[in-house]
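The values are calculated or read from the model by the stated rules, or taken from the named source; none is laboratory data. Computed from a predicted structure; not experimentally measured. When we count neighbours, we look across all protein chains shown, and the Cβ atoms used for this are built from the backbone with ideal geometry, even at glycine. These area figures cover heavy atoms from the full protein model, side chains too; ligands, DNA and RNA do not enter into them. Shrake-Rupley method; radii C 1.70, N 1.55, O 1.52, S 1.80 Å.
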Amino acid sequence: MSEKTRIDKERAARARAVLERLGISQASLARALGVNPRIVNEVLRGRLVGLRGDTHKVAVALGIKDGEIVPKSADDAEIIALLRRAAKKGAAQ
C-alpha cells in the first residue's frame, strides 16, 4: 500500500471541522507537529492516508487514524518499548 492511498473523506471532513471550531489554522498545526503545512493540507483533504512518518503524525494528531506518535527524540530502547506495547495491543484485539 502506498503513501498515496486515500483516507476516509468523512473523517477528514470532521477533522477540518474540529480545526475550524477550535480556530486552529493548518499552518499552526503544522508548526506544532513540526511538519510541512502541505502534508497537513493533503491529509485533511483525504489525499494522504498517514501510513508512516509525518503523514502518520498528522493523521493521528487529528484523530483520523488510531496510533501513537513516536517523538523524534525517542532512542532505540523507547522505540522498541513502543513496538512491544503495540504488538501486545494488537494481539489482545
Quiz prompt | Straight-distance crosslink candidates among aspartates and glutamates, where the alpha carbon sits under 17 Å from residue 89 and sequence neighbours closer than 8 are dropped | solution = 66, 68, 78
Exercise. Name the shape class, rounded, prolate or oblate, that the alpha-carbon gyration tensor gives for the chain, where a ≥ b ≥ c are the square roots of its eigenvalues, rounded holds for a/c under 1.5, and otherwise prolate holds if a/b is larger than b/c and oblate otherwise.
Key: prolate
Quiz item: Taking only protein heavy atoms and a 1.4 Å probe, what accessible area per residue, in Å², does region 29-93 have with all protein chains in place?
Solution: 63 Å²
Quiz item: Label residue 79 and residue 20 with points 7 Å out from Cα along Cα→Cβ: what is the distance between them in nm?
Solution: 3.9 nm
Practice problem: Give the peptides 69-81, 53-65, 29-41, 11-23 in descending order of average Cβ contacts within 10 Å, highest first. | Solution: 53-65, 29-41, 11-23, 69-81
